[in-house]
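J.: Right, I'll just put the structure down here and ask away after.
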Amino acid sequence: MGLSRDPAKIMAELLKSGAVMLAEICPVEGCNLPLFKLKSGEIVCPVHGRVHVVKTDEEVREVYARTYLANVLERLEVHALKTIETLTGNSDVDPAELIRWLEVLERIQRLKHATKK
C-alpha cells in the first residue's frame, strides 16, 4: 500500500483479491478512505496499510500498549544485531559475551512472535 499509487487502483486490486470493503473509514486524519477486510481478517487502508479499529477506551489502551511494545522490541532487536555484528568483527571477542547477545536476540524474537498472536 504505497502513497505513490492511485488509491482507486489499490482499492480495485483489494476487491479483486477478495477483500471486503467496510463501512468504516480510515482513522488517519484527512484520509477518509474506506477500510478493507482481507481474507486473513486483517483490516487495511488502501493508502496507510494496516490500521487498528477500536471501539472502546480499553481497546485504545490495548492497541497502544501492543504498538509501543512492538516498537521497543524492534529497536532492541536492531541494537542487538548491531552489537553482534560488532562482536563478530572483533578477533579477540569473548565467546561468552557473544553467546549472551545471541540469547538476547533469541528472547527478543520470541517476544516479537508472542506479541503477534
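J.: Using a Förster radius of 30 Å, what is the FRET efficiency between Val47 and Lys82 based on their Cβ-Cβ separation? Nearest 0.05, please. Don't skip to the answer; put the middle values down first.
T.: Details: r = 32 Å, r/R0 = 1.08.
That pair, Val47 with Lys82, gives E of 0.40.
J.: Sticking with this structure for a sec: Tell me, His113, His48 in order of fewest to most beta-carbon neighbours within 10 Å? List each step's numbers first, then the result.
T.: Numbers: His113 9, His48 15.
In order of increasing Cβ crowding within 10 Å: His113, His48.
J.: How high is the relative contact order of the range 57-115? Use alpha-carbon pairs under 8 Å, at least six apart in sequence, and give a whole percent. Before the final figure, lay out the partial values.
T.: Values: 22 pairs, mean separation 26.4, N = 59.
That works out to 45 percent.
J.: Which of rounded, prolate or oblate describes the range 18-60 when judged by the alpha-carbon gyration tensor and an a/c cut-off of 1.5? Could the numbers behind the result be given before it?
T.: Details: a/c = 1.97, a/b = 1.23, b/c = 1.60.
Judged from the Cα gyration tensor, the range 18-60 comes out oblate (a/c at least 1.5, b/c at or above a/b).
J.: Do the sum for the chain: with -39,500 (n - 2.57) for every DSSP H run of n ≥ 4, divided by all residues, what is the mean residue ellipticity at 222 nm, to the nearest 500 deg cm²/dmol?
T.: On the way: 3 runs with 63 residues, N = 117.
Only helices count here, giving -18500 deg cm²/dmol.
J.: Follow-up. Which entries of Lys16/Lys39; Lys37/Lys112; Lys16/Lys37 show an alpha-carbon separation above 22 angstrom in the structure shown? All intermediate terms of the calculation are to be shown ahead of the outcome.
T.: On the way: Lys16/Lys39 12 Å; Lys37/Lys112 24 Å; Lys16/Lys37 13 Å.
From Lys16/Lys39; Lys37/Lys112; Lys16/Lys37, over 22 Å: Lys37/Lys112.
J.: Let me ask something else about it. Do any GluC sites (Glu not before Pro) in the range 16-117 lie in a loop, going by DSSP, with at most 10 other beta-carbon atoms within 10 Å of their beta carbon, and if so which?
T.: Numbers: sites: Glu24, Glu29, Glu42, Glu58, Glu59, Glu62, Glu74, Glu77, Glu85, Glu97, Glu103, Glu106; in loops: Glu29, Glu42.
Sparse-neighbourhood loop GluC sites (Glu not before Pro): Glu29.
J.: For the modelled label position 7 Å from the Cα of Arg110 along Cα-to-Cβ, which residues of the range 47-83 have backbone nitrogen atoms closer than 20 Å?
T.: Counting backbone N atoms under 20 Å from the label point, the list is 69-81.
J.: I would also like to ask the following. Cα-based Rg (one decimal) and Dmax (whole number) for the chain, in Å?
T.: That works out to 19.9, 61 Å for Rg and Dmax.
J.: Helix 7-16: angle to the longest alpha-carbon principal axis of the chain, degrees 0 to 90, nearest 10?
T.: Tilt of helix 7-16: around 90 degrees.
J.: Can you give the charge dipole size of the range 1-115 about its Cα centre, rounded to the nearest 20 debye, using +1 on the beta carbon of Lys and Arg and -1 on the beta carbon of Asp and Glu?
T.: On the way: 15 positive and 17 negative charges, 101 e Å.
I would put it at about 480 debye.
J.: Rounded to the nearest 20 Debye, what is the dipole magnitude of the range 57-115 about its Cα centre when Lys and Arg each give +1 and Asp and Glu each give -1 at the C-beta? Intermediate results must be reported in sequence, preceding the final value.
T.: Working: 8 positive and 12 negative charges, 9 e Å.
My answer is approximately 40 debye.
J.: What angle, in degrees between 0 and 90 and rounded to the nearest 10, separates the Cα long axis of helix 95-115 from the longest principal axis of the Cα atoms of the chain?
T.: 20
Every read-out reported here was derived from the displayed coordinates using simple, explicitly stated rules and does not represent laboratory data. Here the structure is a predicted model, which means the values were calculated and not measured. Note that each Cβ is placed from the backbone with ideal geometry, even for glycine, and that neighbours are counted across all protein chains shown.
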